[in-house]
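Readers should treat all values here as calculations from the given coordinates under stated rules, not as data from a laboratory. The model shown is predicted, which means the values in this text are computed figures rather than measured ones. All Cβ positions, even for glycine, are placed from backbone atoms using ideal geometry, and neighbour counts span all protein chains on display.
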Amino acid sequence: MSFVQIITFSTDRVDEFRRLEAGWWAATEGRRTLLRDELYADRDAPGRYVAVNEFASYESAMVNSGLPETDEAARRLAGLCTGPVTFTNLDRVEGRHRPSLADLTFLHELCDATGLVERLAAYLETNAPRPGLFAPDAVLDVHLPRAHRPPAGVADLTGLLAGDAPAGRHLTERHWTPTADGFVLRWAGRTADAPGRPGHEENGMLLAEVRDGGIGRLTGYFSGDTEARSAADMAGTARP
């Protein structure tokens, strides 16, 4: 269940407010759990603003609140206000939402800023996940040309990728686009030669759902030169 906090305040120094907020985003990269924030100006009350902050859950918001940069930013931002600040805390019960261009632009900027796309591409090439790539309880669901590995954890996918390409991969192409809750990465490349296992052409698509600053679910579809690998080899890679 997602959690939204609405903050209402008044200030005549909104540009300073926005600079401080931008500084907080830069300082908390890789650690913040804030999924999105929006700032609105009240048309009927000049100088009055409403900030909307969205998190994956209340617990996630508390993690974000516990960051030392959050406490410092809140103290400095309070000094810019000309009146009382009010907080409204909401748990989502139900909602229907069609992503707008602004939503997709935000997600594009978020995934790009946090380096998730680059880290996922590096994971494919090295078989080693970088810190912050996956959420602690990430679920990974991989579909291979001749097998489907049931949803499992990060270690399982790492072993599967290493079994298919012990010496890693070189991505020759990659393209990504944002979705309503993450992004899609399409890639093509070749696995590196390894003892007893020549390299082969490979391509795929990865659908990533982002939460808590990392990938919470990754669904992958791999295809390529399957004739270069025997049925027994593939069966060993995708264990039942």
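Among the trypsin sites (Lys or Arg not before Pro) in region 1-96, those located in a DSSP loop and surrounded by at most 15 other Cβ atoms within 10 Å of their own Cβ are 13, 31, 43, 92, 96. The alpha carbons of region 3-96 stretch over 32, 32, 19 Å along the principal axes, in descending order. Compared with the direct C-alpha span, the chain from residue 141 to residue 72 gains 20.9 nm at full extension, assuming 0.36 nm per residue.
Measuring r between the beta carbons of residue 58 and residue 27 and using R0 = 25 Å, the FRET efficiency lands at 0.60.
Placing pseudo-labels 7 Å out from each Cα toward the beta carbon at residue 90 and residue 194 gives an inter-label distance of 5.0 nm.
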